[in-house]
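K.L.:
Got a structure for you, questions after.
Just so it is clear, none of the values below were taken in a lab; they were calculated from the coordinates. On a predicted model such as this, the values are computed, not experimentally measured, just so you know. All Cβ positions, glycine included, derive from the backbone under ideal geometry; neighbour counts span all protein chains shown.
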Amino acid sequence: MCGIVGIVGKPEAEKVILTGLERLEYRGYDSAGLFVADGTSDHLVKAQGRIKNLEDKVTPKVTGTIGIGHTRWATHGRPSEANAHPHTSESGRLVLVHNGVIENFDTLQHTYLEGDHLKGQTDTEIAVHLIESLMNRQKLDTLTAFKKALKLIQGSYAFALVDKKDPETIYVAKNKSPLLIGLGDGFNVICSDALAMLDQTHHFVEIEDGELVTVTADQIHIEDQKGNLVYRESYEAQLDLTDIEKGTYPYYMLKEIDEQPTVMRRLIQEYRNPDGSIAIDEKLLEKITQSDRIYIIACGTSNHAGWAAKHLFEKLTKIPVEIHLSSEFGYNMPLLSQHPFFIYLSQSGETADSRQVLVRTNQLGYPALTITNVAGSTLSREADYTLLLHAGPEIAVASTKAYTSQIAVMAILAEAVGLAKQQLAAADFAIFQELSIVATAMESLISEKAALSQLTEDYLGTTRNAFYIGRGNDYYVSMEAALKLKEISYIQAEGFAAGELKHGTIALIEEGTPVIGIITDATTGSHTRGNLQEVTSRGAKTLVIASEDLAKVGDQILLPVVHPLLTSLLAVVPTQLLAYFATLQRGYDVDKPRNLAKSVTVE
Ligand code: F6R
């Protein structure tokens, strides 16, 4: 989704901004722009489409010592050069970039901007016109007008504002959208994601909602909503530039699929104490053991990871678990149990749909844990507890290693809770040993790429639609497998409970429709096979992914045997590769599917 970068106090600011914008490309965007100035000249350049289009327009004279840049994922107004950020005020003096959504833009326009000439349809343009209108009407300086405007604006925002008459300062404000200040030597930077500025600094200062920051080359000045000066320590980002490079891989998605065994082993290292016990905060375990129901709140792939972890969590802890879509739960909250405990699953830790639920459950006083890949992310800061995925940055829009690490962390947590509740004895389920077996099994699956590429061509080569079916955990993996396939290859795919097909959806099966069955559970495997027979009789082309111990002659993809509670970690791997190869074979960009954003910061 939208990204912001900026720098003050460094020559050739445009180069830093373009590199930063490239690093934000993975988040998804449809246009980009930058503004640079140096006290004698200033330049505003925007382009629709890829950063490359913007780079092509940045001629040698486009240079400065201060600048702000933006990648836009359209919300208000279609993707176009006019709607790309930065936006300028009526006179052109103020320049603004913005992430988020201004909910009352209509009212602001009608109340304050009568007679202004807007060039596009964005809410951001209204914000920058509003600031200048307040400066003119009330004879205010830029900072005071910005503060007044913030009081009038309702919605989510990360703003970066430059006044051409003071090209040595970036004014920054934040509410609900992420924004960081990076500290340099003789310069400072701003960014919506630390990854964008890692080549400039590893030292960042977090900004909290409602704060306003004045950033110059040698100072940052943070004020809270009441105008009080805030002092906050910086932190060092534990990220390495090599983590975000593709290396020899053609696509990040393939690199991230291949990293999954390493991530499983890293989780063992991170969560195992030297004596073999589980390294999870006792207070967190106490809170969970006191609860009578777990509510997992998440979107998309993270929601599917919640489903995949439900059964194992219930089995090991004897606490009922409900899985909810964040966007539904927040506004249609079900009747809760007496002592609920909330778990927010979010790779990015920034997903607005999940965050709005966390804000509400915090208001209601319920304890919450965020399981995320990003330390210091909004959901992590706002929950009582955090467990990290340790998966390394996930750059491809289609989530792969975050899904498996979410399930693995849930399994580690479930064992710790089970032991704390004395529902389990240490010998019953040795999670670290089991994860090590999973890592080796994943390695053997990802070494089968040539065979999987061929199966993709044979089964998904020309189809417009496809089904994944399974029961229980295999159904939950089917949901994720279908999402992966449709989001990057654009094949219309559905993950279905195998037994439910005959109650309606089987009407869609035609001659040649691909139906992929997942079978890892001895109690339901024969039923799923029966359902595969039903679709075969109606012309479907069936492909079976089965655990080796349940396999039958003719099954095309065999999964090494792992602990029955952890089969999802393996079954998903070939489905990730099928999605990858289907996309490659159709000639689409695997890492940047159309319309999608990596970090979804609007509701
Ligand atoms: C799909 C995908 C999305 C995310 C969803 C939630 O491949 O990545 O469905 O899982 O947008 O994002 P997070 O986990 O960052 O909250």
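K.L.:
Hey, got the dipole for segment 152-281? About the Cα centre, +1 on K and R Cβ, -1 on D and E Cβ, debye to the nearest 20?
P.N.:
Roughly 340 debye, rounded to the nearest 20.
K.L.:
Also, I was wondering about something else. Could you give me D for segment 246-446, from Stokes-Einstein at 10 °C and 1.306 mPa s, where the hydrodynamic radius is the Kirkwood radius over C-alpha pairs? Units µm² s⁻¹, please.
P.N.:
93 µm²/s
K.L.:
Let me ask something else. Going highest first, how would you order 270-279, 29-38, 184-193 by mean Cβ packing within 10 Å?
P.N.:
29-38, 184-193, 270-279
K.L.:
Apply the Debye scattering formula to segment 522-603, with a single equal point scatterer on each alpha-carbon and no solvent, then give log10 I(q)/I(0) at q = 0.12 Å⁻¹.
P.N.:
Values returned for q = 0.12 Å⁻¹ are -0.54.
K.L.:
My understanding is that a pair violates if its Cα-Cα distance is over 31 Å; which of K10/K174; K15/K592; K174/K598; K15/K486; K151/K401; K46/K592 do that in this structure?
P.N.:
Correct reply: K15/K486; K151/K401.
K.L.:
Suppose we keep just the alpha-carbon trace of the chain; what are its Rg and Dmax in angstrom?
P.N.:
Cα radius of gyration and Dmax of the chain are 25.4, 82 Å respectively.
K.L.:
For segment 1-145, build the convex hull from the C-alpha positions and give me its volume per residue in Å³.
P.N.:
Taking the convex hull of the Cα positions in segment 1-145, it is 106 Å³ per residue.
K.L.:
Largest first and in whole Å, what are the equivalent-ellipsoid semi-axes of segment 448-603 based on the Cα gyration tensor, each being the root of 5 times an eigenvalue?
P.N.:
23, 18, 16
K.L.:
Which value in Å does the Kirkwood hydrodynamic radius of segment 3-242 take, with 1/r averaged over all unlike C-alpha pairs and then inverted?
P.N.:
It is 17.5 Å.
K.L.:
Rounded to whole Å, give me the distance from the Cα center of segment 390-453 to that of segment 129-177.
P.N.:
If you average the Cα positions of each part, the centres end up 47 Å apart.
K.L.:
I'd like to verify something in the chain: which complete DSSP H helices, judged by Cα projection on the helix axis, reach 20 Å or more and average at least 0.0 on the Kyte-Doolittle scale?
P.N.:
Answer set is 401-420, 431-446, 567-585.
K.L.:
Would you mind putting 420-432, 71-83 in packing order, based on average other-beta-carbon counts within 10 Å, highest first?
P.N.:
Ranking, from highest mean packing down: 71-83, 420-432.
K.L.:
Taking Cα atoms of segment 345-390, Rg/Rh with Kirkwood Rh, to two decimals?
P.N.:
Rg/Rh for segment 345-390 comes to 0.93.
K.L.:
Then there's this: Would you calculate, for the chain, the mean residue ellipticity at 222 nm contributed by helices, counting each DSSP H stretch of 4 or more residues as -39,500 (n - 2.57) and dividing by all residues, to the nearest 500?
P.N.:
-11000 deg cm²/dmol
K.L.:
Mind ranking 126-136, 498-508 by how tightly packed they are, going by the mean number of other C-beta atoms within 10 angstrom, highest first?
P.N.:
126-136, 498-508
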